[in-house]
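In what follows, a single structure is set out as structure tokens and then discussed.
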Amino acid sequence: MIENTKFQSAYNFAFLDERTKREIRRKILKAVAVPGYQVPYSSPEMPIARGWGTGGLHITLAIIGREDTLKVIDQGSDASVNACSLRQFIERMTGCATTFDSAAASLIQTRHRIPEEILTEQQILVFQVPQPEILRSVERHENKTRLMHAEADYSKLWVSLYEAYVRYGSLMRGAGYPVRVNGRFMMSPSPIPRWDVPNLSGARCLYLFGAGREKRIYAVPPHTTVEPLEFEDVRFRVEDWHGTLCAYSDQGQAFLDEIYEEDSTRKFVVNDSNFLDKLRGGPRPPQRLFQNPQ
Amino acid sequence: MGYVAVKGGQEAIANAAELVEYYRLRAATPPIEIEQIRTQMRLLVDKVMGEGSLYAPDHAALAIKQNEGDVFEAAFVLRAYRATLNREFASEILNTREMFIRRRISAAFRDIPGGQILGPTRDYSHRLFDPALATETLHSVEAFLNAIDCKIDLAKIAQIPAYGKVIDLLQAEGLLLPRDNSDRRVADVTREALKFPCPRSASLQMMARAETGGLMCLGYSTMRGFAAGGHGTVGELRVGDVPVRVKDPRGRVRYLGKVTLTECEMVNSAKGSKRAANVPYLSVGYGLCFGQNETKAICMGMLDNSLREPNEANPANSQEFTLYHTEGVESYGFTNHLKLPHYVTFQSGLDNLRESMQRTLASYAGLTVEPAAK
Amino acid sequence: MLHDAQADFRVLLDSMARPGQLRQFSAPAVPSPAPLNIASSIVAMTLLDSEVEHHATAFPDGISRYITANTGSPTATPADAAFLFLSDATHLEALAAARTGELAYPELGATVVLQLEALSATPLPNSLALTTTGPGVDGALTFHASGIDSAFLTLLANRNAEFPLGLDLILTAGNTLVSIPRSQKLSWEVQ
């Protein structure tokens with residue numbers, strides 16, 4: 001029997017070819033050396049769509065090895081369909097071990113959340129970033145935002161925050177709250193909720209950010225100062241559920257999802273799926289918690 | 001609990017894949033063969049190869065079949081495949097003067113050396129249904145082909161020359177704006193991110209890979225006054241086969257084969273240029289793409305011209321606007337990512353909104369809304 | 001080889017993310033040609049290819065040929081190279097010439113790989129105690145290096161004065177490495 005092999009492909013370990021991995025690796029090192037600065041990179045097309053985690057995937061695939069234990073979350077959940085899809089792809093391309101346990105993973109790829117449980121020196125968190133440019137909301141042109149970063153001229157961003165305050169009485173920044181890294185670069189923390197922003201600062205783990213469609217990589221090394229923008233009299237605040245407890249664990253002090261039942265009543269549930277599993281099954285894992293100013 | 005939920009996600013993916021396959025096949029009609037798509041959906045294959053940035057007709061046909069004719073998806077599959085291929089060689093510069101012409105027209109002159117060759121086009125067909133196609137058979141196809149064969153004179157085909165270019169006439173007369181030709185570096189947009197202003201080689205590469213509809217939208221905008229550049233003239237539009245050659249490691253030039261290309265030179269007035277401040281030169285905008293895709297080549301030619309008159313106020317005069325937003329795989333992916341859950345982001349915004357709303361309402365005569373989370 | 005490159009890169013990444021901490025590469029499959037030490041050689045094999053140029057300052061010509069043959073990386077002047085491999089700390093001209101990037105594109109600043117006699121977390125004879133602070137360091141961290149001097153470090157501080165412009169330094173000895181990216185503030189004293 002004649003076999004049709006024309007359309008069959010064999011893929012390299014971790015899908016990317018070695019040359020592309022090397023290029024991404026060089027860019028990752030530069031991103032770590034200049035915390036918060038967005039390094040342009042090749043960002044080749046992947047078999048998943050732009051905007052669905054290609055940047056995170058590039059970083060993960062460029063650094064992952066056979067010894068790694070991988071966790072993938074989307075909106076805090078291991079169960080999200082896209083998290084399953086990415087995990088399956090990486091697993092298929094590397095044969096690495098996977099886990100849902102935040103503490104057991106050596107490499108975590110995430111979309112829009114930092115796990116509640118404290119991450120350690122042994123761990124790397126890779127963020128999927130839709131829009132890496134924090135200044136895009138105040139300046140649409142890339143060559144101008146680059147210049148603003150080059151000159152550390154962030155006046156437009158400050159003005160926009162101030163205007164929101166004057167108009168609404170608060171800074172009105174939801175997820176993706178602007179932060180300043182190491183006192184120099186303004187950075188988008190990716191659309192993580194404000195709840196997660198304080199955990200970027202002085203962490204024990206390494207944070208890597210990949211924006212595939214926009215072709216940028218950036219990083220926050222461990223023990224790096226990351227400050228949310230705030231005014232002296234208008235302070236940064238994390239989301240507040242006013243003491244509401246999780247309907248499944250009777251516990252608070254975690255980012256909560258608002259869920260609507262069939263009869264339109266709502267309940268609140270801990271968002272981080274692995275953290276919720278641990279709350280229900282045993283002692284509360286270690287967390288860093290931020291206190292909103294009075 | 002976590003495990004069950006994850007298993008649910010994986011099952012949902014598997015089921016979705018199975019279901020979409022079912023929808024492709026549920027009418028139980030005979031499967032379309034790749035060869036049929038490649039030959040009978042020629043223009044579709046050409047479009048997919050262009051946007052997929054890979055000249056591979058069989059692969060493009062398979063991608064079309066696999067995605068039930070969705071051009072965005074088909075081009076995307078081709079791009080993703082292309083990204084896994086090793087590049088051993090870069091081709092020598094293609095010489096479109098060597099093109100074996102199938103079609104060649106100029107709107108700038110009534111007659112051109114070598115003549116206007118209308119070739120295969122539906123430009124002048126009346127857009128009426130052809131009911132005969134509904135009952136077409138292999139027999140009727142063969143009858144048609146036999147009739148055509150009788151008209152073909154192989155001796156004449158052998159005599160078809162390579163044709164000179166219309167812009168050569170303009171060039172010889174000194175009507176074309178002298179261009180600074182020092183930027184010979186060929187950027188590779190698949191290996192490095194764009195930096196603005198980007199070299200023309202990067203701009204042309206981006207447009208050659210761009211989504212046809214997106215290019216048409218912006219090309220059209222230049223004619224409706226939304227960009228400097230105006231209504232250009234098709235200096236020449238040609239479609240045909242061009243040889244591809246590479247240099248082997250010993251430096252010998254080797255012939256690889258032929259690719260079908262559409263090439264367009266759009267002629268425009270070059271006013272506004274520094275070098276032509278007082279001389280009304282003409283400017284040539286260049287369009288080139290895989291296969292026969294004349295809309296794309298023309299729009300690319302118009303945009304090549306308009307991008308050389310930078311003005312960030314107009315989409316078609318802005319490199320950043322044009323090149324980023326006509327990139328089909330990126331814009332397609334990102335618009336569709338809106339289908340992914342965003343409940344964490346939404347919750348974070350709701351928290352702000354509720355607090356701010358309460359504050360604002362409280363400032364009006366003590367109005368209140370129900371507290372956010374009680 | 002492929003898996004070695006991945007493991008070696010993770011050591012490099014960990015090193016760059018945690019300046020001042022000593023890290024070790026595991027033994028390479030192929031020994032490095034003297035006088036290039038193992039760690040410098042692994043950095044070259046892990047990061048170089050035909051897309052980036054290197055300069056192997058003051059190493060014998062054979063070393064640069066070895067790097068090119070094994071990675072495809074072309075050679076360039078110290079001012080143009082993305083990677084500079086320094087055989088010892090006396091090559092101040094190369095350090096002075098190395099590119100520090102552009103304000104809009106600081107990643108164009110070079111990576112400098114400097115080969116030393118010894119690196120240690122504990123004091124060494126005839127050495128400098130280097131203390132680094134900055135991103136990646138919890139407070140301050142001191143390590144010890146022999147084969148590096150004040151002249152080199154003063155010039156480096158000078159070249160890194162305009163952050164984000166600067167040079168990212170990787171110190172190597174045997175199979176040990178310590179990274180000092182441009183984000184760091186270094187101080188030192190003679191021991």
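Matching residues to (1) without any contact (Cβ under 8 Å) to a residue 12 or more places away in the chain; (2) outside the structural domain of B:Ser201 (by TED's automatic domain parsing); (3) surrounded by 19 or more Cβ atoms within 10 Å (Cβ to Cβ); (4) closer than 30 Å to B:Pro199 by Cα:
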| position | (1), (2), (3), (4) |
| --- | --- |
| B:His325 | no, no, no, yes |
| B:Gly328 | no, no, yes, yes |
| B:Lys339 | yes, yes, no, no |
| B:Val344 | yes, yes, yes, no |
| B:Gln347 | yes, yes, yes, no |
| B:Asp351 | no, yes, yes, no |
| B:Arg354 | no, yes, no, no |
| B:Met357 | no, yes, no, no |
| B:Thr360 | yes, yes, no, no |
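Conditions tested, residue by residue: (1) assigned by TED's automatic domain parsing to the domain that holds B:Arg254; (2) closer than 24 Å to B:Gln40 by Cα; (3) in contact with a Leu (Cβ under 6 Å, 6 or more places away or on another chain); (4) not polar (S, T, N, Q).
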site	(1), (2), (3), (4)
B:Phe72	no, yes, no, yes
B:Phe100	yes, yes, no, yes
B:Ile105	yes, no, yes, yes
B:Gly114	yes, no, no, yes
B:Phe129	no, yes, no, yes
B:Glu136	no, yes, no, yes
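The rows are residues; the columns are (1) closer than 29 Å to A:Asn143 by Cβ; (2) among the polar types (S, T, N, Q); (3) modelled with pLDDT under 95.
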residue: C:Glu53; (1), (2), (3): yes, no, no
residue: C:Thr75; (1), (2), (3): no, yes, no
residue: C:Ala82; (1), (2), (3): yes, no, no
residue: C:Leu86; (1), (2), (3): no, no, no
residue: C:Ala89; (1), (2), (3): no, no, yes
residue: C:Glu93; (1), (2), (3): no, no, no
residue: C:Ala98; (1), (2), (3): yes, no, no
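For segment B:1-21, check the following and say yes or no: at least one residue is more than 10 Å from every other protein chain (Cβ to nearest Cβ), in a loop (DSSP other than H, G, I, E, B) and open to solvent by 70 Å² or more (accessible area, probe 1.4 Å).
Scanning segment B:1-21, I find no residue that is more than 10 Å from every other protein chain (Cβ to nearest Cβ), in a loop (DSSP other than H, G, I, E, B) and open to solvent by 70 Å² or more (accessible area, probe 1.4 Å), so the answer is no.
Give B:Met99, B:Met49 a once-over and let me know the one that is in contact (Cβ under 8 Å) with a residue 40 or more places away in the chain, crowded, with 20+ Cβ neighbours inside 10 Å and farther than 19 Å from B:Gly213 by Cα.
Only one candidate qualifies: B:Met99.
Give segment C:26-55 a look and list any residue that's open to solvent by less than 40 Å² (accessible area, probe 1.4 Å) and either among the acidic types (Asp, Glu) or within 14 Å of another protein chain (Cβ to nearest Cβ) (or both), or say none.
Once the filter is applied, which keeps residues that are open to solvent by less than 40 Å² (accessible area, probe 1.4 Å) and either among the acidic types (Asp, Glu) or within 14 Å of another protein chain (Cβ to nearest Cβ) (or both), segment C:26-55 yields C:Ile42, C:Val43, C:Ala44, C:Thr46, C:Leu47, C:Leu48, C:Asp49, C:Val52, C:His54.
Kindly check whether there is at least one residue in segment B:49-67 that is more than 14 Å from chain A (Cβ to nearest Cβ) and on the phi > 0 side of the Ramachandran plot.
no
Tell me, which helices (runs of 4 or more DSSP H) lie completely within segment A:45-150 with 1 or more residues that are more than 10 Å from every other protein chain (Cβ to nearest Cβ) and in contact with a Pro (Cβ under 9 Å, 6 or more places away or on another chain)?
Output list reads A:54-63, A:81-94.
Does segment B:211-266 hold any residues that are farther than 20 Å from B:Arg122 by Cβ, of a type in the set (S, T, N, Q) and part of a strand (DSSP E or B), and which are they?
B:Thr233
In segment B:146-157, what count of residues is obtained for those that are aliphatic (A, V, I, L, M) and open to solvent by 90 Å² or more (accessible area, probe 1.4 Å)?
1
Could you please find all residues in segment A:64-84 being crowded, with 23+ Cβ neighbours inside 10 Å and closer than 23 Å to B:Asn86 by Cβ?
Within segment A:64-84, A:Ile64 is the sole residue that qualifies.
With the requirement that a residue be at the interface with another protein chain (Cβ under 7 Å from one of its Cβ atoms) and not in a helix (DSSP H, G or I), what does segment B:323-363 give you?
If the condition is that a residue be at the interface with another protein chain (Cβ under 7 Å from one of its Cβ atoms) and not in a helix (DSSP H, G or I), then B:Leu340, B:Pro341 are the ones that fit.
Looking only at strands (runs of 3 or more DSSP E) that lie completely in segment A:215-260, which have at least 1 residues being over 27 Å from A:Tyr165 (Cα atoms)?
Answer list for segment A:215-260: A:216-220, A:256-260.
Being under 19 Å from B:Gly50 (Cβ atoms), more than 11 Å from the chain's Cα centre (by Cα) and open to solvent by less than 20 Å² (accessible area, probe 1.4 Å) is the filter here; which residues of segment B:278-306 pass it?
If the condition is that a residue be under 19 Å from B:Gly50 (Cβ atoms), more than 11 Å from the chain's Cα centre (by Cα) and open to solvent by less than 20 Å² (accessible area, probe 1.4 Å), then B:Gly285, B:Gly301, B:Met302, B:Leu303, B:Asp304 are the ones that fit.
Evaluate segment A:28-42: report whether one residue or more is farther than 24 Å from A:Val179 by Cα, facing another protein chain (nearest Cβ under 7 Å), surrounded by fewer than 24 Cβ atoms within 10 Å (Cβ to Cβ) and touching a residue at least 60 places away in the same chain (Cβ under 8 Å). Give the steps one after another, and end with the answer.
Within segment A:28-42, the subset farther than 24 Å from A:Val179 by Cα is A:42.
Remaining after also requiring facing another protein chain (nearest Cβ under 7 Å): A:42.
Among the residues that remain, those that are also surrounded by fewer than 24 Cβ atoms within 10 Å (Cβ to Cβ) are: A:42.
The next check asks that each one be touching a residue at least 60 places away in the same chain (Cβ under 8 Å); those that pass are A:42.
Checked against the condition, which is being farther than 24 Å from A:Val179 by Cα, facing another protein chain (nearest Cβ under 7 Å), surrounded by fewer than 24 Cβ atoms within 10 Å (Cβ to Cβ) and touching a residue at least 60 places away in the same chain (Cβ under 8 Å), segment A:28-42 yields at least one hit.
Does A:Gly210 satisfy the condition of being at pLDDT below 95 and either within 21 Å of A:Leu119 (Cα to Cα) or under 15 Å from the mean Cα position of the chain (by Cα) (or both)?
In short, no.
Among the residues of segment B:277-306, count how many are modelled with pLDDT under 95, out of contact with any Asp or Glu (no Cβ under 9 Å at 6 or more places or on another chain) and of a type in the set (A, V, I, L, M).
Total satisfying the criteria: 3.
From B:Glu312, B:Glu320, which residue is at the interface with chain A (Cβ under 7 Å from one of its Cβ atoms) and in a loop (DSSP other than H, G, I, E, B)?
When all the criteria are applied, what remains is B:Glu312.
Being among the small types (Gly, Ala, Ser), assigned to a helix (DSSP H, G or I), assigned by TED's automatic domain parsing to the domain that holds B:Arg308 and touching a strand residue (DSSP E or B) at 6+ places or on another chain (Cβ under 9 Å) narrows it down to one residue among B:Ala193, B:Ala202, B:Ala208; which is it? Reasoning before the result, please.
Values: B:Ala193 fails: assigned to a helix (DSSP H, G or I); B:Ala202 fails: touching a strand residue (DSSP E or B) at 6+ places or on another chain (Cβ under 9 Å).
Exactly one of B:Ala193, B:Ala202, B:Ala208 is among the small types (Gly, Ala, Ser), assigned to a helix (DSSP H, G or I), assigned by TED's automatic domain parsing to the domain that holds B:Arg308 and touching a strand residue (DSSP E or B) at 6+ places or on another chain (Cβ under 9 Å), namely B:Ala208.
Select, from A:Gly169, A:Gly174, A:Gly202, A:Gly212, the only residue that is open to solvent by less than 10 Å² (accessible area, probe 1.4 Å) and at the interface with another protein chain (Cβ under 10 Å from one of its Cβ atoms). Spell out the reasoning first.
Numbers: A:Gly169 fails: open to solvent by less than 10 Å² (accessible area, probe 1.4 Å); A:Gly174 fails: open to solvent by less than 10 Å² (accessible area, probe 1.4 Å); A:Gly202 fails: open to solvent by less than 10 Å² (accessible area, probe 1.4 Å).
Only one candidate qualifies: A:Gly212.
Going through segment C:142-172 one residue at a time, which ones are closer than 26 Å to C:Ser41 by Cβ and within 14 Å of another protein chain (Cβ to nearest Cβ)?
Passing the criteria: C:Leu156, C:Arg159, C:Asn160, C:Gly166, C:Leu167, C:Asp168, C:Leu169, C:Ile170.
Residue by residue through segment B:84-113, note down the ones that are at pLDDT below 90 and polar (S, T, N, Q).
Within segment B:84-113, B:Thr84, B:Asn86 meet the criteria.
Please verify whether B:Ala147 is assigned to a helix (DSSP H, G or I) and not assigned by TED's automatic domain parsing to the domain that holds B:Tyr281, treating the condition exactly as stated. Steps first, please.
Working: assigned to a helix (DSSP H, G or I): yes; not assigned by TED's automatic domain parsing to the domain that holds B:Tyr281: yes.
The answer is yes for B:Ala147.
Taking only segment C:115-171 into account, find how many residues are under 20 Å from C:Leu86 (Cα atoms) and among the charged types (D, E, K, R).
Total satisfying the criteria: 4.
When segment B:27-48 is examined, which residues are found to be within 13 Å of another protein chain (Cβ to nearest Cβ) and either closer than 30 Å to A:His58 by Cβ or in a loop (DSSP other than H, G, I, E, B) (or both)?
Residue satisfying the conditions is B:Glu33 alone.
Pick out the one residue from C:Ser87, C:Ser146 that is buried (at least 16 other Cβ atoms within 10 Å of the Cβ), touching an Asp or Glu at 6+ places or on another chain (Cβ under 7 Å) and hydroxyl-bearing (Ser, Thr, Tyr). Walk me through it before giving the result.
Numbers: C:Ser87 fails: touching an Asp or Glu at 6+ places or on another chain (Cβ under 7 Å).
One residue alone meets the criteria, C:Ser146.
The values are calculated or read from the model by the stated rules, or taken from the named source; none is laboratory data. These numbers were taken from a predicted model, which means no experiment stands behind them. Positions of Cβ are generated from backbone atoms using ideal geometry, with glycine treated the same way; all protein chains shown enter the neighbour counts. Each accessible area value is taken on the protein alone, full model and side chains, heavy atoms only, with ligands, DNA and RNA left out. Shrake-Rupley method; radii C 1.70, N 1.55, O 1.52, S 1.80 Å.
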